[in-house]
Ligand SMILES: CCCCNC(=S)N1C[C@H](O)[C@@H](O)[C@@H](O)[C@H]1CO
């Protein structure tokens, strides 16, 4: 069914291509039958039972496995987003290679005999960094995201003129497997409510995809007013605890005829660092699905397989305070983060089997799991010792500190450095006005770790230092707001820090290329300049280890470590935050590891405190729901916006 790899076709060839594809594709069609409130596929009644799987959260080598399991669960369709920032890392630079090869994923879906519901945004939410929008948009600080702002629309048009023509051959009526395409994402939940923007997008999609593809919108019930648009099929999203009858009745005000559609039926939910692990009960999820299928609705289950926020790709929400999403996107989904069928999957499969034929045959068993360790890591050196490797082009100078966007660093870390021009001989208040640490700051004086400042959570430290002392602040971007943000989520030191009564000026900014350094196989410990006896603050640790047998999927456990980043064989596994929880292990897919005795390398960048024994283990099961070690409660004191020290309440 899948067409050959599509060429890069200028839109002027569209009519010719359409003719050729129509001749080749015969009478393939996917349409809304408003007379009978249903979809028609090639003229026959059709209801999709779909599941969400995000290719950008699963290593490419595992795509076929996950899609096969979805098909064997009884699904006939897979739904996924296309994150703009995953494919256009810099303006005009495009990446559709490796785990970013969207077209290879489309082909894998076709091989698995799954139709596709595609959601290219431009905004996708999805607990993904900046909701999929590229951070480089913020290099125009006053840009108005998700509106008719000409600067925003120019970037959107440029991106979609690259992406959408490549998708054209993959449309169902052209011989591909894409049956429908979503415009924007829950736009009705965004404050702007800019119909001009939505009309612009609808016009662009029509111009580049033709007039046959079904275009639709998705909104929560409260968002239908601003999120729906004439000419786009209106769908809703809601979870098992919501009132389906009431919501579908509301939907009927926008779509009086045609099939009822829930585009995001939540099978679980997302996790935030520092909050309890989210779950949704099997009984609630299966009851809701059964009731919808009985109504004849088409349903997409969000998520059917969640996967992982590798690297720095997690997004964040703002609920009174900044809440970064965890590395695991297990989502308590029917297929676990490690790709294993769960009891929830079998229960849903039983429900689906009551309404439509499901493939015969068993689901594959859970993948083999591996335990290993404990392994002792050795100290490579503190991060400052590698500054010339981490920032080979040298620092950017400015009187006041510059944001990540201003120094063109999208994610990860920037080091801010200044030198004291006066002596503070007593512990002196050090803070950043207007909650200006975005998002975490690791503070060193002359290389000695002083402590952490955290957005919304920890606003002050007390420092001492002599004139000329080096003040280093490592700023960590914990992921950009992906939902509901009423302003752009700039990162870095957004205000000049204050020490005592003085504003600190004359800053050096070092954008750090940590991933490049870690990928360098040359042993870091041979490169470091300083040999700190007791490492303090951001520090690299590593070791190598063989896997003697075949190995298997495994879960990296970091007992006693605090917070940091992990790489295995140069692959950025994501963030760990053992001290904050609820996630205490990181999923390690078997394909990342070398077996049969070949050496694997693991590198940690620990940002705070190393355990007395710098050891790690690989477990055969995940820990995603550790009761929170501490509930951090900071009260903002009214005078200086500074917070008191944390009251650490034992979570046990
Ligand atoms: C806590 C608010 C989170 C907002 N996101 C919501 S409601 N969701 C709808 C959104 O469309 C989807 O991308 C996901 O982000 C999903 C939650 O997993």
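Consider residue 468 carefully, then state whether it is without any contact (Cβ under 8 Å) to a residue 60 or more places away in the chain, on the phi > 0 side of the Ramachandran plot and away from the ligand (no atom under 16 Å from the Cβ). Criteria met by residue 468.
Residues of the stretch 319-331 that are crowded, with 23+ Cβ neighbours inside 10 Å and within 11 Å of the ligand (Cβ to nearest atom): 325, 329, 331. Looking at 63, 84, just one residue is more than 16 Å from the ligand (Cβ to nearest atom), modelled with pLDDT of 95 or more and either outside the structural domain of residue 294 (by the TED database) or at negative phi (or both), and that residue is 63. I'd like to know if the stretch 255-269 contains one or more residues that are without any contact (Cβ under 8 Å) to a residue 40 or more places away in the chain and away from the ligand (no atom under 16 Å from the Cβ). Yes: the stretch 255-269 contains one or more residues that are without any contact (Cβ under 8 Å) to a residue 40 or more places away in the chain and away from the ligand (no atom under 16 Å from the Cβ).
Restricting attention to the stretch 484-520, the residues being under 30 Å from residue 568 (Cβ atoms) and within 16 Å of the ligand (Cβ to nearest atom) number 1. Name the residues in the stretch 161-193 that are within 16 Å of the ligand (Cβ to nearest atom), within 16 Å of residue 214 (Cβ to Cβ) and touching a helix residue (DSSP H, G or I) at 6+ places or on another chain (Cβ under 7 Å), would you? Within the stretch 161-193, 181, 183, 184 qualify.
Residues that are farther than 19 Å from residue 397 by Cβ and assigned to a loop (DSSP other than H, G, I, E, B) within the stretch 413-447 comprise 422, 423, 432, 436, 439, 446, 447, listed in sequence order. Only one entry of 298, 278, 283 meets the criterion of being under 30 Å from residue 584 (Cβ atoms) and surrounded by 15 or more Cβ atoms within 10 Å (Cβ to Cβ), and that entry is 278.
The values are calculated or read from the model by the stated rules, or taken from the named source; none is laboratory data. Not measured: the values here are computed from a predicted model. Reconstructed Cβ throughout: ideal geometry from the backbone, glycine too, with neighbour counts over all protein chains shown.
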